[in-house]
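Here is the structure we will look at.
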Amino acid sequence: MNCGSLFLLIWASLIFLINIVPLQAQYQGVVGKHKWLVEGQVGLSYSWADLAIVDNSLTLEQEATFENAIKVQLLLGVNYSLTTNLFAGVSAGFGYLSFDNEASGTTNRFTHFEIGPYLRHYLNITSIFSVFIEIGVNQNFIDSNQNASNSYVNAYTDLGLNLKVKPNMCLYLRLPNLIYYYSDDFNFENRDSFGVSNPLKNFIDFPIFGVLYQLD
């Protein structure tokens, strides 16, 4: 079982356990209007075949030449609810990517910083379950021990699945990069210019989970 399958199993188990304990109160919308919220996101993958392509040093035909690949990303965000289902926010975060290139005997390491605003809209499915779409833009900085430092801008449209576990707290998973734009092809996500991708495959390759907390 790879990391993506394990994360999906954990998420499904969590949904099942929480659903057998009903919320004591029903709420219309994710939160009330004009509320401040904070959130944290984490993404993690290990030994995925496409991790080593980020610096264009390997091609898909050379996947067997690298090992011990790990990719981690941590993001923190602050949100303000314009309505019960529409948030404006800003996030900042840090990413790290490392892999051993067996052919050259080197270890490639990348560090990544990003910051940017976004809008997120929720669609309620039940009183505790909703889906969201997020549109945002980030300024990014990437550094590598094998390549020159680089900065770039990316715009994105992400999807998400949101579960309210308490009246003031939600857990969610993010399906990234349904639609995207990158100003430079040397970037942390290894994407080029405009594009459309499969967000479910993106999540399986690099699972991202988050927690959202409403401040009283």
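Tabulated values for the structure
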{"item": "Boolean, Ala155 is small (Gly, Ala, Ser) and outside any strand (DSSP E or B)", "result": "no"}
{"item": "Test: residue in region 89-99 that is within 20 Å of Asn145 (Cβ to Cβ), out of contact with any Lys or Arg (no Cβ under 8 Å at 6 or more places or on another chain) and modelled with pLDDT of 70 or more", "result": "yes"}
{"item": "Index of the failed condition, Asn85 passing every other in (1) surrounded by 18 or more Cβ atoms within 10 Å (Cβ to Cβ); (2) under 13 Å from Gln41 (Cα atoms)", "result": "(2)"}
{"item": "Test: residue in region 171-191 that is assigned to a strand (DSSP E or B), within 22 Å of Trp36 (Cα to Cα), open to solvent by 20 Å² or more (accessible area, probe 1.4 Å) and touching a helix residue (DSSP H, G or I) at 6+ places or on another chain (Cβ under 9 Å)", "result": "yes"}
{"item": "Top-ranked residue of region 203-216 - restricted to ones that are open to solvent by 20 Å² or more (accessible area, probe 1.4 Å) and not in a loop (DSSP other than H, G, I, E, B), ranked as nearest to Gly160 (Cα to Cα)", "result": "Phe209"}
{"item": "From Val131, Val165, residue being closer than 30 Å to Asp216 by Cβ and either out of contact with any Phe, Trp or Tyr (no Cβ under 9 Å at 6 or more places or on another chain) or of a type in the set (Lys, Arg) (or both)", "result": "Val165"}
{"item": "Single condition Gln73 does not satisfy, out of (1) buried (at least 16 other Cβ atoms within 10 Å of the Cβ); (2) of a type outside the set (Gly, Ala, Ser); (3) part of a loop (DSSP other than H, G, I, E, B)", "result": "(3)"}
{"item": "Any hit, region 141-163, residues being under 20 Å from Val42 (Cα atoms), in contact with a Leu (Cβ under 8 Å, 6 or more places away or on another chain) and open to solvent by 30 Å² or more (accessible area, probe 1.4 Å)", "result": "yes"}
{"item": "Complete set of residues in region 97-130 that are of a type outside the set (Lys, Arg), open to solvent by 70 Å² or more (accessible area, probe 1.4 Å) and assigned to a strand (DSSP E or B)", "result": "Phe113, Ile115, Pro117, Leu119, His121, Leu123"}
{"item": "Qualifying position, being under 19 Å from the mean Cα position of the chain (by Cα), at pLDDT below 95 and under 28 Å from Phe186 (Cα atoms), among Ser57, Ser45, Ser104", "result": "Ser45"}
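The values are calculated or read from the model by the stated rules, or taken from the named source; none is laboratory data. Here the structure is a predicted model, which means the values were calculated and not measured. Note: ideal-geometry Cβ built from the backbone for every residue, glycine included; neighbour counts use all protein chains shown. Note: areas computed on protein heavy atoms with side chains; ligands, DNA, RNA excluded. Shrake-Rupley method; radii C 1.70, N 1.55, O 1.52, S 1.80 Å.
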